[in-house]
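Below: one structure, written as structure tokens.
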Amino acid sequence: MRKKIVAANWKMNLKLAEGAELVNDLYNTMPALSNNCNVVIAPPYTHLLQTATQLAVIDHVYLGAQNCHHESSGAYTGEISAGMLRSTEVDYVIIGHSERRQYFGEDNELLARKVNQVLSNSMNVIYCCGEPLEIRDAHTQNIYVEQQLKKGLFHLSAEQLIDVVIAYEPIWAIGTGRTATSTQAQDMHAHIRSVIADQYGADVAANISILYGGSCKPSNAAELFACADVDGGLIGGASLKADEFIGIISAMIKS
């Protein structure tokens, strides 16, 4: 049975003391989790050691990172390798977030190298995919996302792919005034699962967790998580407030 996962992406937010307070608030209000319902906290790099210590006492809550470099080491000033992340007890690394693709020009080929680095260091990948507004309006979103999957992930074996979580981001619905419905989310998640099934077989596809990464909040989490192919969420702004994030976690547990 595939896991239900809610992952917090803090992005470039919160100073060290603020991050510690947020995790402490989550600890004090976290509902009971199970092996099949997991939470991931992905703070900025500067928080990793502190957050690792805090999360060590919370069952089924794992440390994530927001990115890594595509090489294992070298003269790359300001960059962080997958091996460095693993040494700080990181379990998940977000690869290919829409902001990394948009602002830093990361393409699928580069992301495939980052995926390799994460997996070779015994961590799990959260691989992001999703289409911008012009692709959605042209009704070519399925093939667009399919190419992101094929170029970024399909060099992996079935055994390696099991350590990958996929997060679908409807980029066209972020900051545009348009809203993605639960039906649109389910349709794309089902398409993603079918693409994986075509490459790796139905059994592998059935065990891959696919998260929704578009403006999930307590008010719509239950509806989204009730969709057959939506296995949780990659949460941005709502993960910075303990009560909102706990509301989303509770919706996951009940789904």
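The values are calculated or read from the model by the stated rules, or taken from the named source; none is laboratory data. What you see is a predicted model, and the numbers here were worked out from it, not measured in a lab. Heads up, the Cβs are rebuilt from the backbone with ideal geometry, glycines too, and the neighbour counts pull from every protein chain shown.
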**Asked** So is L16 without any contact (Cβ under 8 Å) to a residue 60 or more places away in the chain, surrounded by fewer than 20 Cβ atoms within 10 Å (Cβ to Cβ) and over 29 Å from I253 (Cβ atoms) or not?
**Response** yes
**Item:** Where a residue in region 230-255 is farther than 17 Å from W10 by Cβ and at pLDDT 95 or above and its partner, wherever it lies, is among the hydroxyl-bearing types (S, T, Y) and surrounded by 18 or more Cβ atoms within 10 Å (Cβ to Cβ), with Cβ under 6 Å and at least six apart
**Value:** V230/Y212; D231/S209
**Message:** Out of the residues in region 235-255 meeting the condition of being in contact with a strand residue (DSSP E or B) (Cβ under 8 Å, 6 or more places away or on another chain), among the aliphatic types (A, V, I, L, M) and closer than 14 Å to C37 by Cα, tell me which one is surrounded by the fewest Cβ atoms within 10 Å (Cβ to Cβ).
**Reply:** I253
**Fill in**
Within region 53-94, residues being over 13 Å from I41 (Cβ atoms) and charged (D, E, K, R) number 4
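Can you list the helices (runs of 4 or more DSSP H) lying wholly within region 99-177 that have 3 or more residues being under 18 Å from the mean Cα position of the chain (by Cα), touching a residue at least 12 places away in the same chain (Cβ under 8 Å) and surrounded by fewer than 23 Cβ atoms within 10 Å (Cβ to Cβ)?
Correct list: 108-120, 141-153.
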**Message:** If I ask for residues that are farther than 18 Å from N67 by Cβ and of a type in the set (F, W, Y), which ones from region 1-45 would you list?
**Reply:** Y27
**Asked** Using beta carbons and a limit of 6 Å, which pairs, at least six apart or on different chains, have the first residue in region 194-205 and over 12 Å from L149 (Cα atoms) and the second one exposed (fewer than 15 other Cβ atoms within 10 Å of the Cβ) and modelled with pLDDT of 95 or more?
**Response** Y200/A158; V204/A158
**Request:** Please work out if D59 is loosely packed, with under 14 Cβ neighbours inside 10 Å, more than 15 Å from L234 (Cα to Cα) and touching a Leu at 6+ places or on another chain (Cβ under 9 Å).
**Result:** yes
**Prompt:** (1) closer than 21 Å to S255 by Cβ; (2) free of Cβ contacts under 8 Å to residues at least 40 places away in the same chain; (3) of a type in the set (S, T, N, Q): which one isn't true of Q50, the others all being true?
**Reply:** (1)
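Kindly indicate which of A190, A197, A222, A185 is small (G, A, S), part of a helix (DSSP H, G or I) and touching a Leu at 6+ places or on another chain (Cβ under 7 Å).
Every option except A185 fails the conditions.
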